[in-house]
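For reference, the structure discussed in these notes is given below.
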Amino acid sequence: MASIGILSLVFILRIILIELITNNGEKAYRFAMEHHFNLNIIGPLFIFMTAAMITIRVIGTLIQVNRSKATSSQKA
């Protein structure tokens, strides 16, 4: 349940950031130029971050399942 909440939060933050940049294009452009930040990387960055979170969650779940199987087989 926590991973769904985190993924939802990241998705909502992505939408908010895109809306802010869309509605304040001139300010976003000035900020990007002042800090040498490429605005074209925001979308792929969020996609990569979301994919990394999903991957880590799946691996963590698989590790927990394997540990509980090993624990239950030792008790039997």
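Quick check on I56: is it surrounded by 10 or more Cβ atoms within 10 Å (Cβ to Cβ) and within 23 Å of the chain's Cα centre (by Cα)? Steps first, answer last, please.
Details: surrounded by 10 or more Cβ atoms within 10 Å (Cβ to Cβ): yes; within 23 Å of the chain's Cα centre (by Cα): yes.
Considered against the rule, which asks whether it is surrounded by 10 or more Cβ atoms within 10 Å (Cβ to Cβ) and within 23 Å of the chain's Cα centre (by Cα), I56 comes out as yes.
Within 15 Å of the chain's Cα centre (by Cα) and either loosely packed, with under 10 Cβ neighbours inside 10 Å or small (G, A, S) (or both): does that describe A70? Even if it seems obvious, please write down each step before you answer.
Working: within 15 Å of the chain's Cα centre (by Cα): no; either loosely packed, with under 10 Cβ neighbours inside 10 Å or small (G, A, S) (or both): yes.
The answer is no for A70.
So how many residues does region 1-28 have that are under 13 Å from the mean Cα position of the chain (by Cα) and of a type outside the set (A, V, I, L, M)?
5
Can you find a residue in region 27-43 that is on the phi > 0 side of the Ramachandran plot and either at pLDDT below 85 or open to solvent by 70 Å² or more (accessible area, probe 1.4 Å) (or both)?
If we filter region 27-43 for residues that are on the phi > 0 side of the Ramachandran plot, which is where we start, we get 36.
Checking which are either at pLDDT below 85 or open to solvent by 70 Å² or more (accessible area, probe 1.4 Å) (or both) leaves us with 36.
Within region 27-43 (the criterion being on the phi > 0 side of the Ramachandran plot and either at pLDDT below 85 or open to solvent by 70 Å² or more (accessible area, probe 1.4 Å) (or both)), the answer is yes, since at least one residue qualifies.
Which residues, taken from region 26-71, are aromatic (F, W, Y), over 25 Å from I6 (Cα atoms) and in a helix (DSSP H, G or I)? Spell out the reasoning first.
The first filter runs over region 26-71 and keeps only residues aromatic (F, W, Y), leaving 29, 31, 37, 46, 48.
This time we only want the ones that are over 25 Å from I6 (Cα atoms), so: 29, 31, 37.
Selection gives Y29, F31.
May I ask you to list the residues in region 50-76 that are under 20 Å from S8 (Cα atoms) and at pLDDT below 85?
T50, M53
The values are calculated or read from the model by the stated rules, or taken from the named source; none is laboratory data. Everything quoted here is computed from the prediction, not taken from an experiment. Reconstructed Cβ throughout: ideal geometry from the backbone, glycine too, with neighbour counts over all protein chains shown. Keep in mind that these areas ignore ligands, DNA and RNA; they rest on the heavy atoms of the full protein, side chains included. Shrake-Rupley method; radii C 1.70, N 1.55, O 1.52, S 1.80 Å.
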